[in-house]
Amino acid sequence: MNALYGAHPGVRANHTKGAVFEGMFTPAQGADALSSAVFLKGAPTPLIIRFSNAGGVADAPDTHPSTDRVRGMAIKFRLSDRSEADIICISANGFPVATGEDFLALLQAVGASGPDVPKPTPVDKFLSTHPAALAFVTAPRPVAVSYGTQPFFGVNAFKFTNAQGTSKFGRYRIVPESGPAYVSDEEAAKRPPNALADNLRASLEKGPVKFRLLVQVAAADDSITDATKVWPDSRPTVELGEIAVIKALDTKKVVNELLFLPTNVTSGIDPSDDPIINTRTEAYAESFGRRTK
């Protein structure tokens, strides 16, 4: 990623540009039937939320090609026992590759495929043999009005276990309560470079911006170890509760102390055996260590 986007000391290697907010999670009635996680029952739980754009260019406009129009939403639950739990989602449903090795190969292929490279370029060759990656990079992605009108999807499956010991696998979904809302490509091109965050901050002047946190439950034949396999929308969802974005924080002051990890879970939630989960955790931790030296 540093080779692809340039090395920028003191910032994240990917999803470099972001904005941080305070929030609150209120569990839905009966959410603890899916999992015994402490935040799914009782009093609301404080949150720290970071919205971001993919890519490693810190000041890139929201519509810059390096973002591929992929957004991130990372949530840190401040639990009552002073521990933490994280959820990390992106605006795309599905992932381009199934393993860390293939993700590295994709990044290297992109980096080796400049405008003067003869066709087929290394990335052309990679995409020709990786149909999920081709589908990911060619999927249309409209630009949201703000981060608050953008749906988000969990990349990986997790195992949710309730107090009775019953387990189900599922993936997170985060849906704006007001419904998704986008702008045309023409309008997006004319907007200020930070419109996604600025428009969310403006909305907060009128009150909290709310999302519903859901889990899409896997069927017996759905892959829980391959992030490229998108499950059908016909799969049932369980509502876990409401995420309210309440207050914008001074991002520059707090952003580097924040580390969100897919494996940072609480009792009642466990990672699946999807290999990308540990790859993400290792890469995020490495990036954290480098930027905070």
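The values are calculated or read from the model by the stated rules, or taken from the named source; none is laboratory data. As the structure is a computational prediction, the values presented were derived from the model and not from experiment. Every residue, glycine as well, gets a Cβ built from its backbone with ideal geometry; the counts of neighbours run over all protein chains shown. With ligands, DNA and RNA removed, areas are computed over all heavy atoms of the protein, side chains included. Shrake-Rupley method; radii C 1.70, N 1.55, O 1.52, S 1.80 Å.
Quick one: compute the contact order of segment 130-270, relative version, from alpha carbon pairs under 8 angstrom and 6+ residues apart, as a percent.
Numbers: 194 pairs, mean separation 37.8, N = 141.
Computed value for segment 130-270: 27 percent relative contact order.
At what distance in angstrom do the alpha carbon centres of segment 43-80 and segment 222-276 lie from each other? Distance between centres, Cα-based: 12 Å. If you take the square roots of the eigenvalues of the alpha-carbon gyration tensor of segment 234-292 and sort them as a ≥ b ≥ c, do you get rounded (a/c under 1.5), prolate (a/b over b/c) or oblate? Since a/c reaches 1.5 but b/c is at least a/b, the shape of segment 234-292 is classed as oblate. Calculated from the structure at hand, Cα extents along the principal axes in Å is found among (i) 59, 46, 41; (ii) 71, 50, 31; (iii) 52, 42, 38 as (i). Partners of residue 293 within straight-line reach, counting lysines whose Cα lies under 21 Å from its Cα and excluding those fewer than 8 residues away in the same chain: 17, 252, 253.
What is the extension gain from residue 29 to residue 141, computed as 0.36 nm multiplied by their sequence separation minus the C-alpha to C-alpha distance, in nm to one decimal?
Working: separation 112, 0.36 × 112 = 40.32 nm, distance 3.36 nm.
That pair, residue 29 and residue 141, stretches by 37.0 nm at full extension.
Computed as a quarter of the hull surface, the mean projected area of the alpha carbon convex hull for segment 1-152 stands at 11.4 nm². Here, segment 3-68 yields an orientationally averaged convex hull projection of 6.6 nm² when only Cα atoms define the hull.
Roughly how many percent of the accessible protein surface of segment 177-293 is carbon and sulfur, given a 1.4 Å probe and a whole-percent answer? Answer for segment 177-293: carbon and sulfur cover 49 percent of the accessible area. Here the simple spin-label model places points 7 Å from the Cα toward Cβ, and for residue 101 and residue 285 these points are separated by 2.2 nm.
Could you check the simple spin-label distance between residue 182 and residue 235, using points 7 Å along Cα→Cβ, in nm with one decimal? Result for the modelled spin labels: 2.2 nm. Length gained on full extension, residue 257 to residue 2, computed as 0.36 nm times the residue gap minus the Cα-Cα distance: 89.8 nm. Note on exposure: 138, 45 ranked by accessible area (1.4 Å probe, complete protein assembly) read 138, 45, with the most exposed listed first.
Given the Cα-Cα distance of residue 267 and residue 134 and 0.36 nm per residue of separation, how much length would full extension add, in nm? Intermediate values should be presented prior to the final figure.
On the way: separation 133, 0.36 × 133 = 47.88 nm, distance 3.69 nm.
Stretched fully, the residue 267-residue 134 segment lengthens by 44.2 nm.
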